[in-house]
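Notes to accompany the following structure.
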Amino acid sequence: MKGAAITVKCDCGDIRHLSYGESWACTCGRRWNTHQIPPEEYWGLMRAMRAERIKVIASAGAIALSFLVLALVVSGSFFFLMPVAVSGWYLLFMPRWRARLRARARAAPTWSLRPE
Ligand SMILES: [Zn+2]
């Protein structure tokens, strides 16, 4: 699993985006090591974000599948309603989902690293 980038802000004001486990030697001489972040906290957050993405894909799949079943069992015209339903879902659900994800990213923990 690939983790999201970690924003590291040096005391001198320089900012760098690092992957988990990466360290960065700032031009001011401080060294920052993202390994100081507890792995269970970082990966726990990544798992939660991934679970959100899976939920979205799964619900889109569930809608498409239920229309496919309706088309096969009830009437073929449901087949043509499927794109409508999926795009309706996309328009209604996705903005809310993105807002929730953004709120979650804002609430994401910040860790204070110590220069090495
Ligand atoms: Zn610096």
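The numbers here are math on the coordinates, done by the rules we state, and not lab data. Quick caveat, the model's predicted, so the values are computed rather than measured. Because the Cβ atoms are built from the backbone with ideal geometry, glycine has one as well, and the counts that use them run over all protein chains shown.
Between the alpha-carbon centres of the range 60-107 and the range 1-32 there is a gap of 39 Å.
Between 88, 7, 34, the Cα set farthest toward the positive side of the dipole of the chain (charges on each charged residue's Cβ, about the Cα centre) is that of 88. Extending 7 Å from the Cα toward the beta-carbon at both residue 53 and residue 100 defines two label points whose distance is 1.7 nm. Per-residue Karplus couplings for the range 9-21, computed as 6.51 cos²θ - 1.76 cosθ + 1.60 with θ equal to phi - 60°, are listed in order as 10, 7, 4, 7, x, 6, 10, 9, 9, 10, 7, 5, x Hz, Gly and Pro entered as x.
Rounded to the nearest 10 degrees, the angle from helix 39-73 to the longest Cα principal axis of the chain is 10 degrees.
Database remark: amide H of residue 21 closer than 5 angstrom to the amide H of 34, 35 (H placed geometrically; neighbours at sequence offset of 5 or more, or on other chains; Pro and chain starts carry no H).
Helix 77-106 and the longest principal axis of the C-alpha atoms of the chain enclose an angle of approximately 20°.
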